[in-house]
Every structure is written in C-alpha cells, then in structure tokens.
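Asker: Encoded as structure tokens, here's the structure I'll be asking about.
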Amino acid sequence: MKIKNASIEYSNGSVVLKYPISPAELLAIKKEHLYNFQENFFEVDLPASFNEGVISIIAEQHYADHFKQGEDFELSPGKWNILRFEADKKKYETFFSLRREGKIPGTLDKALVNFSTKRATQGQDLSKESEGHLNDVMSDIVELGINNKMDDDNLENIVGGFISKVGGEAKIDTSPIIEDYLSTNQIPIDKENDCYYFTVIFNDDSWNVEIGTSDDGHKLIIYSSVSYQSTENITAPLLEDINQLNLALKDGHFEVDAENQLLYLKTDVEINLFKIDVQFKKLIDANFDSMKAILPVLREKHNQKISFSS
C-alpha cells in the first residue's frame, strides 16, 4: 500500500507517519480494517464526512527504514496502528495516543478498563452496582495476569463483558457501525425506532431484513424473513426440515410462523465494545449466507412445490 505526502516523526524506537486523506480513503480504511482499524479504540465516533482530514499512524521504527521525504512510501498496513485522526481542525484521539501522552496512566489492564468505561459511558457517573462490576472485572484481569493469560483477546473479552454489564445505564451506540456498512454497500433502508429495514435480492430469491438491538441494549440482532407459498399443506415437513437445520446450524435459529406462512432466521451476538464492527460483519454475513443456501435447498427437496418471496 502506498501513501503520499507523508511527514515523519521518530520517538523512542517508534515512528509516526502523518499524511492527508479524503473521506473515501477513510472509508476504505474502515471497511478493510487497514492499520488494524477498530472504531471503538477511538475516544469518540469518527465523523461521517469532512473537508480536510489527516491521519497519523504509528509502528516500530524499522518499518520506516526506507522512508524518504517527498516520495511515495510503500508500507504494510498490518504492521501499523492508527495513532490519531484529525478532521477540519478537530482531533479524534485513540487509546494509543492518549496512552502515549500519559492521559491514561497506570498498567495496561487498568488503562484499558478506564478507557473502555469512559468510551461506553461518555462521561456519565456509574452507579454503585456498576462500580461493583468494575471491581469484578479488575479481579478477573489480575487473575489472568497470575495465570499468564494476559493476552489481547482475553483482555478484550473481559472489558467487553464489563461494558455489557454497565450497558443498562449507557448503551453502546451501534448505529455508526450499521449505517457505515449499509452506506458502503449502497443498501437503501427504512429506519424506525432505532431499527433498520431493507430487502436483500440474491439470484431468484429475496427476503426482508430487520437489524436492531435487544431491549437491554446488550445484543445486536438480525432477522431475515421470507413468505412461503405451497401447492399443498407443507407445514409438517417444513417444520421437520427447520428442526434439522437448527440442529446443524452454528449461527442463528430458524423459526416458522405457520399461520402467516413466514420463515424467519434470527442471528444475534452479545455486544463487545472493542469488536462490534467485526462482530456485525460476521453476523450479517452468517445470516445472509444461511438464507442464500437454505432457500434453494428447501425448494429442491420439496420438488419445487414451495416458493419464497419477500
């Protein structure tokens, strides 16, 4: 990957590259997770649009050994992390930049918890109950350290679990992640009461989709639904098929509304603050892949006696 018009800064064995980017380039970084992009490692949500943008990325110093001022620079995005983003004179700090500047002091585990708490609560005061949850989290982290299991995945899971517990007071806003995906894939939608509605068309099939969160805000949920018609009463064999499918299905659960002749597929995931963008992509892919595979199989099994429509 080549970057243009970059400036460089060296500091204590690391190097920071700073270069201008457009909204389209930022969208590509988000979509492809370049520079290990995770929006929840930013202190606040990034802007949907801007006029002038500058990104700062950081890596170990040797990854910039061949950098020459004024020339395009070829780099491996996976070796770099985003330090900061600036848009229209406003700075969007990350966990890395705040940590680097000493604004999140303490050990890594405590710093992560402090940052994630602030990110989730947006400055709201926590109740005594949530403070108790925080103590539980710190105990879990200490235990990981004792057992030499202090890796990134374990830390993320524990911190994500803490965020789920305080979510009743400060729900995680999933709308930027959802809307970014829908906009990137040019999917026209209807939105009502924080739920998103649209139709998927794939080959000869189409189905309706609803995306939302659980009442407590802890789970992200995707429903795909499709009407079915048959030349004969197919309810009993269809229910048998669905039960077999659910036994084999790793992600999601099929349901049949026999009275209204509707087939549903529900997939959901417990929201993790640090992984929600990756979680959403996996969730929607799993849902759509199942629908794409199952509808033709059911038609073929029942000798084309069943048809589906959105």
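Asker: Go through L238, L220, L265 for me and flag whichever is more than 29 Å from the chain's Cα centre (by Cα), at pLDDT 80 or above, open to solvent by less than 20 Å² (accessible area, probe 1.4 Å) and not basic (K, R).
Answerer: L238
Asker: While we're looking at this one, here's another question. Does T213 satisfy the criteria of being open to solvent by 30 Å² or more (accessible area, probe 1.4 Å), farther than 30 Å from K31 by Cβ and touching a residue at least 12 places away in the same chain (Cβ under 8 Å)?
Answerer: When the stated conditions are applied, T213 does not pass them.
Asker: Take the range 1-29 and flag every residue that is part of a helix (DSSP H, G or I) and either over 30 Å from I271 (Cβ atoms) or out of contact with any Leu (no Cβ under 8 Å at 6 or more places or on another chain) (or both).
Answerer: Across the range 1-29, the qualifying residues are P23, A24, E25, L27, I29.
Asker: Inspect the range 295-306 for any residue being β-branched (V, I, T), closer than 22 Å to L182 by Cβ and either free of Cβ contacts under 8 Å to residues at least 24 places away in the same chain or surrounded by fewer than 16 Cβ atoms within 10 Å (Cβ to Cβ) (or both) and give the result as yes or no.
Answerer: Within the range 295-306, not a single residue is β-branched (V, I, T), closer than 22 Å to L182 by Cβ and either free of Cβ contacts under 8 Å to residues at least 24 places away in the same chain or surrounded by fewer than 16 Cβ atoms within 10 Å (Cβ to Cβ) (or both).
Asker: Looking at (1) surrounded by fewer than 17 Cβ atoms within 10 Å (Cβ to Cβ); (2) modelled with pLDDT of 85 or more; (3) touching a strand residue (DSSP E or B) at 6+ places or on another chain (Cβ under 8 Å), which one does S49 not meet, given that it meets all the others?
Answerer: Status for S49: all satisfied but (3).
Asker: Also, quick follow-up: Picking from I82, I3, I29, I55, which residue would you name as being modelled with pLDDT of 95 or more, buried (at least 17 other Cβ atoms within 10 Å of the Cβ) and not polar (S, T, N, Q)?
Answerer: I55
Asker: Out of all the residues in the range 182-198, is one or more in a strand (DSSP E or B) and in contact with a helix residue (DSSP H, G or I) (Cβ under 8 Å, 6 or more places away or on another chain)?
Answerer: The answer is yes; a qualifying residue exists.
Asker: Considering each residue of the range 225-237, count those that are aliphatic (A, V, I, L, M) and within 25 Å of I284 (Cβ to Cβ), and give that number.
Answerer: 1
Asker: Any residue that is part of a strand (DSSP E or B), of a type in the set (G, A, S) and touching a Phe, Trp or Tyr at 6+ places or on another chain (Cβ under 8 Å) - is there at least one of those in the range 46-55?
Answerer: yes
Asker: When residues of the range 236-269 are filtered for being assigned to a strand (DSSP E or B) and in contact with a His (Cβ under 6 Å, 6 or more places away or on another chain), how many remain?
Answerer: Number satisfying all stated conditions: 1.
Asker: Let me ask you something else. Within the range 278-294, how many residues turn out to be of a type outside the set (S, T, N, Q), farther than 13 Å from K219 by Cα and touching a residue at least 40 places away in the same chain (Cβ under 8 Å)?
Answerer: 7
The values are calculated or read from the model by the stated rules, or taken from the named source; none is laboratory data. Every value quoted in this text rests on a predicted model; they were computed, and no experiment measured them. Don't worry about glycine lacking a Cβ; one is built from the backbone with ideal geometry, like all the others, and counts go over all protein chains shown. Just so you know, the surface numbers come from the protein's heavy atoms only, side chains and all, with ligands and any DNA or RNA stripped out. Shrake-Rupley method; radii C 1.70, N 1.55, O 1.52, S 1.80 Å.
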